[in-house]
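Asker: Pasting in a structure now, in structure tokens, and then I'll have a few things to ask.
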Amino acid sequence: MDINFNKNEDHNKLLLSTLKKRFAQVSLGGGQKRIDKLHAKGKLTARERIDYLLDDPSNAIEIGAFAGEGMYEEHGGCPSGGVVVKIGHVQGKQVIVVANDATVKAGAWFPITGKKNLRAQEISIENKLPIIYLVDSAGVYLPMQDEIFPDKEHFGRIFRNNAV
């Protein structure tokens, strides 16, 4: 038996367990109460909408689940950057799907939301993958609107990228 291997294996299992717990927490978005409120309106969460669209949700890869972690706590936080991004297949074609998380400030955009959207577009462009948007958003988070610039180098670039 290799004692170092066993120590490393135990350490990695502990890390994986910690990551799974953190992912379970961010997967709740704005929290169980907001999920229940959304369901009461007959709506699905961002992750549920994406999974409903994908051919095989278990074969999808989520990107940036921990974006926004520990950020904007004075505003109630922004789990997953307020947007869920997954790479998966729709009718056999690999795509990127982006869905606003309405449980996080009604899907409003924080600065990290725009950055995560831009990253999804970069991946889409670099890999020639179609990108699908499932929008359920209140727009820009007004208390932080001064940090969300609509110019060509920031969030305005999202609209430019969609046009090319």
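Asker: Just need a number here: residues in region 74-93 that are of a type outside the set (V, I, T) and surrounded by 13 or more Cβ atoms within 10 Å (Cβ to Cβ).
Answerer: 10
Asker: Pull out all pairs, ordered by first then second residue, where Cβ-Cβ is under 9 Å, the residues are six or more apart or on different chains, the first lies in region 16-44 and is at positive phi and outside any helix (DSSP H, G or I), and the second is among the basic types (K, R) and surrounded by 12 or more Cβ atoms within 10 Å (Cβ to Cβ).
Answerer: G29/R47
Asker: Right, something else. State which residue pairs qualify: first residue surrounded by fewer than 14 Cβ atoms within 10 Å (Cβ to Cβ) and inside region 134-147, second residue among the polar types (S, T, N, Q) in any location, beta carbons under 8 Å apart, and separation of 6 or more residues or different chains.
Answerer: Every condition considered, the pairs that remain are V135/N100.
Asker: Any residue at all in region 80-91 that is free of Cβ contacts under 8 Å to residues at least 40 places away in the same chain, farther than 27 Å from D56 by Cα and not polar (S, T, N, Q)?
Answerer: No.
Asker: Starting from residues that are in contact with a strand residue (DSSP E or B) (Cβ under 9 Å, 6 or more places away or on another chain) and within 23 Å of F66 (Cβ to Cβ), keep the ones in region 139-164 and report whichever is modelled with the lowest pLDDT.
Answerer: F155
Asker: State whether the residues of region 59-66 include one that is more than 16 Å from the chain's Cα centre (by Cα), charged (D, E, K, R) and within 22 Å of W109 (Cβ to Cβ).
Answerer: So far as region 59-66 goes, no, none of its residues is more than 16 Å from the chain's Cα centre (by Cα), charged (D, E, K, R) and within 22 Å of W109 (Cβ to Cβ).
Asker: Could you tell me which residue of region 45-64 is surrounded by the most Cβ atoms within 10 Å (Cβ to Cβ), considering only residues that are under 16 Å from G31 (Cβ atoms) and not acidic (D, E)?
Answerer: A46
Asker: Among the residues of region 6-23, is any within 20 Å of A67 (Cβ to Cβ), among the polar types (S, T, N, Q) and surrounded by 15 or more Cβ atoms within 10 Å (Cβ to Cβ)?
Answerer: no
Here is a yes/no grid of residues against (1) in a helix (DSSP H, G or I); (2) at pLDDT 95 or above; (3) of a type in the set (A, V, I, L, M):
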| site | (1), (2), (3) |
| --- | --- |
| H89 | no, yes, no |
| A106 | yes, no, yes |
| T113 | yes, no, no |
| L118 | yes, no, yes |
| E126 | yes, yes, no |
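Asker: Still on this model: Specify the residue that is surrounded by the fewest Cβ atoms within 10 Å (Cβ to Cβ); the eligible residues are those in region 114-133 that are free of Cβ contacts under 8 Å to residues at least 40 places away in the same chain and β-branched (V, I, T). Give the derivation first.
Answerer: Taking region 114-133 first, the residues free of Cβ contacts under 8 Å to residues at least 40 places away in the same chain are 122, 124-128, 130-131, 133.
Checking the rest, the ones that are also β-branched (V, I, T) come to 125, 131.
Details: I125: 12, I131: 17.
Residue satisfying both the conditions and the ranking: I125.
Asker: In region 11-47, what residues are more than 30 Å from S137 (Cα to Cα) and either at pLDDT below 95 or touching a Lys or Arg at 6+ places or on another chain (Cβ under 9 Å) (or both)? Explain how you work it out, then say what you get.
Answerer: Narrowing region 11-47 to residues more than 30 Å from S137 (Cα to Cα): 11-18.
Hits for region 11-47: nothing passes.
Asker: Which of the residues belonging to region 45-87 are part of a loop (DSSP other than H, G, I, E, B) and over 23 Å from I112 (Cβ atoms)?
Answerer: L54, D55, D56, listed by residue number.
The values are calculated or read from the model by the stated rules, or taken from the named source; none is laboratory data. None of these values were measured; they are calculated from a predicted model. Heads up, the Cβs are rebuilt from the backbone with ideal geometry, glycines too, and the neighbour counts pull from every protein chain shown.
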